[in-house]
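Report on the following structure.
The values are calculated or read from the model by the stated rules, or taken from the named source; none is laboratory data. Note that the coordinates shown come from a computational prediction; the quantities given were computed from them, not determined experimentally. FYI the Cβ positions are ideal-geometry reconstructions off the backbone, even for glycines, and counts take in every protein chain you see. Each accessible area value is taken on the protein alone, full model and side chains, heavy atoms only, with ligands, DNA and RNA left out. Shrake-Rupley method; radii C 1.70, N 1.55, O 1.52, S 1.80 Å.
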Amino acid sequence: MKLLVIGLDCADPEFVFGWKDELPNIKKLIEGGAYGPLLSCHPPITVPAWAVMMSGKDPGQLGYYGFRNRMDYSYGAYGIANANSVRCDRVWDILSRAGKKVILLGVPQTYRPKPVNGCVVSGFLAPSTESNYTYPVLLKDEVEEVSGGYVLDVEDFRTDDKEALLGRIYEKTEKHFKVAKHLLRTKPWDFFMTVEMGTDRIHHGFWSFIDPTHRRYVPGNPFEKSIKEYYKYCDREIGEMLSLVPEGTAVILVSDHGACKMDGAICFNEWLIKEGYLVLKEYPKTQTRIADAEIDWDRTKAWGDGGYYGRLFINVRGREPEGIVDPEDYEELRDEIISKIEAITDPDGKNLGSKAIKPGDVYMETNGIPPDLIVYFGDLGWRSAGSVGTGNIHTFENDTGSDDANHDWHGVFVLNDAGCRKGRIEPGPREGMSIYDVAPTVLNLFGMDPPENIAGESLTAAPGGGIKNLLKKIGNWL
């Protein structure tokens, strides 16, 4: 049994399936295989989504809710969710212990690399190529030589210099696939997983150039075909990878979430100031990160974080150092804020359709320090801007740099015909698949049972039969 998992971060089903006739190698995987949109997790972002996918655990079970997470209930202690944050098995841990050879390339949350029965080239959260980003350590020299100088991520992808950005995206992707093909040719493996981040970076950098409904779109612009041409380039590289694997290899093509245009951003903390939940000692004269603002904690009930989604935290007495919200008033305050968030309008007065969710309603557990509310502005059409000093609730400029797209709910899943045969999985288009179903499906392909207390089910079950445990929590929210 050999399984090749090709991850394209943020690859969107509209593009992968809509452009398949121009993506001949991906089309071959689809034909005779099982395929369809893949519902992501809460929140649908790279961290935690890839760890969710490869463990079957939800973010609450994992205990982190984004790249940066509160380390405790103080106001300033945040940490990055790296490999040390993952305290449960991912599929390659189980396969390694079973004697299977595994290779990981560019998979998020694999820095610092932990020992496996095989080798690891860390993902984009590695600080630089000066770090020991491979396992074993000596593999680093090989990677650097093969790639001509490895690139972990696309630098400065929120830039207005689009020509230079496009060049960096292609350079990073080319080096990534060079290493992937080298490892396929030279290392023993039973499970090979690679994740390319360029798909995410090109969406964020170029969506306004390709989407006629985007407010900044200009017909006939020089980057109008940029995203499609990049997908076609990735398809050619995927074809070269597939030519290197034995006949009958099971192949999964997958993404952790999709993408959609970004209409704008809600200045979350400006809104909280306006509603009286957040009080500053002194309002800044220029745009300022909320972490650098002078917050009057003796008068502040709640504050928020920016990002692709918003995280709201309540200043609870006895929990936060200077908390003022009585624990018995906590639920009433959350319900009040939810109601107000769902009433937020766009600049023209039209309701955005925003949602604020209690973590306990969508997670099987809530480990770590969860936000008190998970907030999606405009059903992900608007991001959360955390800074203060703009004086406005709405903005059309991202406060962390130029950005055209937000994440969307559905990624992509394709299991080729060989995988369907090995897993006795019915081929064809499939609805109801979830990111939680991937880990148990992978383990079942190797003849192994998945761990208990996971949210998904293997695709060997009836179509749409997965995520039963999680759906008990989520209900009909989506």
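Peptide packing: for 213-220, 256-263, 236-243, 270-277, the average count of neighbouring Cβ atoms within 10 Å per residue gives the ranking 256-263, 270-277, 236-243, 213-220, highest mean first. Database remark: amide H of Ser434 closer than 5 angstrom to the amide H of Leu39 (H placed geometrically; neighbours at sequence offset of 5 or more, or on other chains; Pro and chain starts carry no H). Share of pairwise Cα-Cα distances greater than 14 Å in the stretch 264-307 is 44 percent (whole percent).
Taking Cβ atoms as reference points and 15 Å as the exclusive limit, the residues near Asn82 contribute a net charge of +4, counting Lys and Arg as +1 and Asp and Glu as -1. About the centre of its Cα atoms, the stretch 109-244 shows a dipole size close to 280 debye [charges on the beta carbon of Lys, Arg (+1) and Asp, Glu (-1) only; nearest 20 debye]. Positive end of the dipole of the chain (Cβ unit charges, origin at the Cα centre): among Thr173, Thr390, Asn416, the Cα lying farthest that way belongs to Asn416. Over 24 Å between Cα atoms, which of Lys2/Lys172; Lys27/Lys228; Lys57/Lys181 qualify? With Cα atoms farther than 24 Å apart: Lys2/Lys172; Lys57/Lys181.
Here the chain is treated with +1 on each Lys and Arg Cβ and -1 on each Asp and Glu Cβ, and its dipole about the Cα centre works out to around 1360 debye.
What separates the Cα centres of the stretch 20-61 and the stretch 153-169 is a distance of 25 Å.
Only Cα pairs under 8 Å and at least 6 apart count here; give the relative contact order of the chain as a rounded whole percent. Before the final figure, lay out the partial values.
Values: 1083 pairs, mean separation 123.0, N = 478.
So the answer I get is 26 percent.
Across the alpha-carbon set of the stretch 1-85, the Rg to Rh ratio works out to 1.10, Rh being the Kirkwood radius.
Packing-based ranking of 333-340, 436-443 yields 436-443, 333-340, ordered from highest to lowest mean Cβ neighbour count within 10 Å.
Electrostatic tally near Ala302: other residues with Cβ closer than 15 Å to its Cβ, Lys and Arg +1, Asp and Glu -1, net -4.
Taking amide H positions as modeled 1.01 Å from N, with prolines and chain starts lacking one, the residues under 5 Å from Gly306 and 5 or more places away or on another chain are Gly386.
Our note on the geometry: Cα centres of the stretch 216-232 and the stretch 120-145, 33 Å apart. With protein chains left intact and a 1.4 Å probe, residues in the stretch 86-185 average 44 Å² of accessible area per residue. As a size descriptor, the averaged projected area of the C-alpha convex hull of the chain was calculated at 21.9 nm². By the compact-protein rule of thumb, 2.2 N^0.38 Å, the alpha-carbon radius of gyration of the stretch 39-190 corresponds to a ratio of 1.11. Pro284 sits among other residues whose Cβ lies under 10 Å from its own Cβ, and their net charge, with Lys and Arg +1 and Asp and Glu -1, is -1.
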